[in-house]
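Since the structure comes first, as structure tokens, the remarks are kept for the end.
The values are calculated or read from the model by the stated rules, or taken from the named source; none is laboratory data. Just so we're clear, the structure is a prediction, and the values are computed from it rather than from any experiment. For neighbour counting, all protein chains shown are included, and Cβ atoms are generated from backbone atoms with ideal geometry for every residue, glycine included.
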Amino acid sequence: MKTERYLRQILFHPIGKEGQRRLAESSAVVVGCGAIGSTTASLLVRSGIGYLRVIDRDVLEESNLQRQELFDEEDLREGLPKALAAEKRLRRINSAIRVEGIAADLNPTNAETLLRDAQVILDGTDNFETRLLLNDYALKTGTPWIYSACLGSQALLMDILPGKTLCLRCLVDSVPLPGSLPTCETAGILAPAAKLIASIQTTEALKILTNHPEALISGLVNIDLWKGSFQKVDTQTAPSPTCPACQKGEYEFLNAKGFSLTTTLCGSNAVQITPGGNAENGAKIDLVALSLRLQSALGVDNISQSPYLLKFRLKGREMVIFPDGRALLFGTQDTSLARTLYSQYVGL
Amino acid sequence: MIYLDNAATSFPKPSEVYGEMDEFFRERAANPGRAGYRLSTEAEKGIEMTRKALAGLFGASEPQRLVFTLNATDAINMAIKGLLNPGDHVITTTLEHNAVTRPLNSLERQGVITVTRVRPSPQGFLDPGDIKRAITHKTRLVALVHASNVLGTVQPIGDVGRLARERDLLFLVDAAQSAGLWPVNVEEQCIDLLAFTGHKSLFGPPGTGGLYVGGRVELRPWREGGTGVDSQNPVQPEDMPFRLEGGTPNFVGLAGLKAGVEFVSRTGTDKIRRHGQALTSQLLHALGDDTRFTLYGPPPEAEVGGGPATSPILSLNIRGMEPQVVGTILDESFGIAVRSGLHCAPGTHKEIGSFPQGTVRISPGFFNTGDDIAQVALALKEIASSTAVSSRQ
Ligand SMILES: Cc1ncc(COP(=O)(O)O)c(C=O)c1O
Ligand SMILES: [Zn+2]
């Protein structure tokens, strides 16, 4: 290990030589390489972590450059998947680190392979169902994970330590109905808010990896940079006694039951997305409200409606959403693209 | 929920089917492999009863030549791959299901066989004369779907069978859609290989099906293994059905299939078919002169041998709407289950002009009612009037 490179970090007393040595032997997985994930990945690689895996299913787009610090215009021209562009960039930042970029859509089938050996999992995703999948994996394997999210100027974070803290599922009775919440694509996102929460996330990861559990933040961090509000909500710290995931060991996302299903359709050049869970409860999306949210992002002329559906044109494709949350994306057979667009514009 | 996807699989099944499987599985499901103890003998007997019931239904005088398979696909693969040799020529049609098309295509691509694909009339009927004209001195097999799973059109298998027999060709019939609905008689219709599936109009469970292998055919077994008989033999025994039936059979499923076949025999294929046909023609009449719909296949008055010439299957589209969108609305807003897409028969859609998007396929079964059809007709009309309008209004 090169001490010189990490000198300032070693001089920071709680880390010290011992912490730096531990860090060099540790591994982390960043899931989702967007605004939060790319900052976290970059900070971890600079800090001298031993191994970092970055998982992302998307290809870089111009609108990512506003906030996703691992990427630049040259990457955009190359048109690489973000995971691979990130890997290249992270190796340039620190060639001593083992970095692996995986261009894949994390789902119940591959989660246990792609998340294996992580000592901490860092949430850089943009949707709730992937978070609940991470939560299940974390509980099942006893791996700490750090929930974080950012929308507009607001950012949230919570450390989840299986067996010690509550889990994400403790906080949500049921998974939010698709299409019921704003997304970055419809409500925007302020880059500094994402970077701030990524910095906190990285710090929490450093505490875990250098064995400083006493320093971890307990409760939910809730920051609004625009309003200038910085809160730590001391949520119940004990798990909810009725939590299916951490109390009953029912991993409904990892076992695929609660997870959305994405299938290419026979015939048409189209993919069907069936969100998990909610449809069975008969819950319905408010298509009018969704249409209003989509108008500012996509322009009113790209959206049309009937009593049975909402249609919108998007990047040369057409998405049709039905009230129970099911959707058809015409113009592609790429299931992971369908999940991306669905979680970006409808919300999973 | 109104289920109108019986061409994919019949649902629900007659209650005897559930009852028989439950009872059999709980009380008698010992391995039939000739163990000699009473339970095993009963299991064995159960299979032989199913075999006899099916041989009876298909007019096969040698039940042992009817072998059980996983489904029609398995049976067709067993037939095509166990029969054809390098240089053989096969005549088939553009109406086939991928269960026939793909095995033939792959042998053709490997350079093993050559294939001629005969086209149907615009309404979806084949002319046996076209098959006759396609015969060459290398032709070994004619492979033909009995009832199209997209259009429901029924082909004159008896005529084609006799033609094949005259020219000393073998004749394979894909009866996945027709077994249980239409009279099939391997002897009268000169069928050498009859492939069927258990879970459609025979009312059995999935995972059951079979292949009747006529006396003129010898198939190479590709699934070799235990038969419970002739175990000292180093290779698969010559005797049927053991030659083609290695491994523990799905005897619980076959018990259910027997109950299904008994239901069909008791009720009568004619009655079952006419019930479904009455429902499709009700639907055709309800939508027939509404120009917002494209209806595929022959008009309801098309007949063969004094009755309608189609199985209870109606393919349609609403002009300007993707079939998948129509199917999802039917399910989501009306609780009606139908199938949209290509139904694994892309060639048929190319013939009728619905490729690549496919059609909405409505396939009533014996347990549907006129009221179900009235509801689906109403729903389709409502959907047709609901074209999406711009959100600007
Ligand atoms: C005409 C036809 N052939 C073959 C098959 C294949 O049947 P299975 O899926 O039971 O093997 C089907 C069913 O989809 C069919 O409709
Ligand atoms: Zn919990």
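Miscellaneous remarks
- Residue within the range A:102-123 that is assigned to a helix (DSSP H, G or I) and surrounded by fewer than 16 Cβ atoms within 10 Å (Cβ to Cβ) present: yes
- Considering residues of the range A:223-259 that are charged (D, E, K, R) and within 16 Å of ligand 2 (Cβ to nearest atom) only, the residue surrounded by the most Cβ atoms within 10 Å (Cβ to Cβ): A:E252
- Count of the range A:201-219 residues which are within 16 Å of ligand 2 (Cβ to nearest atom) and crowded, with 17+ Cβ neighbours inside 10 Å: 1
- Between B:G327, B:G335, B:G347, the distinction of being more than 24 Å from A:T274 (Cβ to Cβ) and either at pLDDT 95 or above or away from chain A (no Cβ under 11 Å) (or both) belongs to B:G347 only.
- Scanning the range A:19-42 for residues that are in contact (Cβ under 8 Å) with a residue 60 or more places away in the chain and surrounded by fewer than 20 Cβ atoms within 10 Å (Cβ to Cβ) yields A:R22, A:S27.
- Looking across the range B:246-263, just one residue is touching a Ser or Thr at 6+ places or on another chain (Cβ under 7 Å) and surrounded by fewer than 20 Cβ atoms within 10 Å (Cβ to Cβ), and that is B:G246.
- Test: residue in the range A:299-309 that is on the phi < 0 side of the Ramachandran plot and more than 10 Å from every other protein chain (Cβ to nearest Cβ): no
- In the range A:319-338, residue nearest to the other protein chains (Cβ to nearest Cβ) [restricted to those that are of a type in the set (S, T, N, Q) and out of contact with any helix residue (DSSP H, G or I) (no Cβ under 9 Å at 6 or more places or on another chain)]: A:Q333
- Residue in the range B:36-59 that is surrounded by fewer than 17 Cβ atoms within 10 Å (Cβ to Cβ) and touching a strand residue (DSSP E or B) at 6+ places or on another chain (Cβ under 7 Å) present: no
- Close pairs (8 angstrom Cβ cut-off, 6 or more residues apart or separate chains): over 17 Å from B:G247 (Cβ atoms) and more than 8 Å from ligand 1 (Cβ to nearest atom) in the range B:55-75, in a helix (DSSP H, G or I) and among the polar types (S, T, N, Q) anywhere: B:G56/B:S265; B:L57/B:S265
- Comparison of B:T280, B:T267 shows that the only residue that is surrounded by fewer than 17 Cβ atoms within 10 Å (Cβ to Cβ), in contact (Cβ under 8 Å) with a residue 12 or more places away in the chain, more than 14 Å from every other protein chain (Cβ to nearest Cβ) and among the β-branched types (V, I, T) is B:T267.
- Among the residues of the range B:37-54, the ones that are within 24 Å of the chain's Cα centre (by Cα) and free of Cβ contacts under 8 Å to residues at least 40 places away in the same chain come to 2 in all.
- Scope the range B:361-372; condition in contact (Cβ under 8 Å) with a residue 40 or more places away in the chain and either over 23 Å from the mean Cα position of the chain (by Cα) or within 14 Å of chain A (Cβ to nearest Cβ) (or both); matching residues: B:R361, B:G370, B:D372
Okay, residues lined up against (1) of a type outside the set (V, I, T); (2) crowded, with 24+ Cβ neighbours inside 10 Å; (3) assigned by TED's automatic domain parsing to the domain that holds B:E188; (4) within 16 Å of ligand 1 (Cβ to nearest atom):
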| position | (1), (2), (3), (4) |
| --- | --- |
| B:V115 | no, no, yes, no |
| B:R119 | yes, no, yes, no |
| B:F125 | yes, no, yes, yes |
| B:V145 | no, yes, yes, yes |
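- Residue match in the range B:350-360 (condition: within 14 Å of chain A (Cβ to nearest Cβ), touching a residue at least 12 places away in the same chain (Cβ under 8 Å) and in a helix (DSSP H, G or I)): yes
- Residue match in the range B:15-28 (condition: surrounded by fewer than 21 Cβ atoms within 10 Å (Cβ to Cβ) and of a type in the set (A, V, I, L, M, F, W, C)): yes
- Check on A:G299, at pLDDT below 90, within 28 Å of A:L60 (Cβ to Cβ) and not assigned by TED's automatic domain parsing to the domain that holds A:N107: yes
- Among the candidates B:L95, B:L104, residue that is under 17 Å from the mean Cα position of the chain (by Cα), at pLDDT 95 or above and either within 16 Å of ligand 1 (Cβ to nearest atom) or of a type in the set (S, T, N, Q) (or both): B:L95
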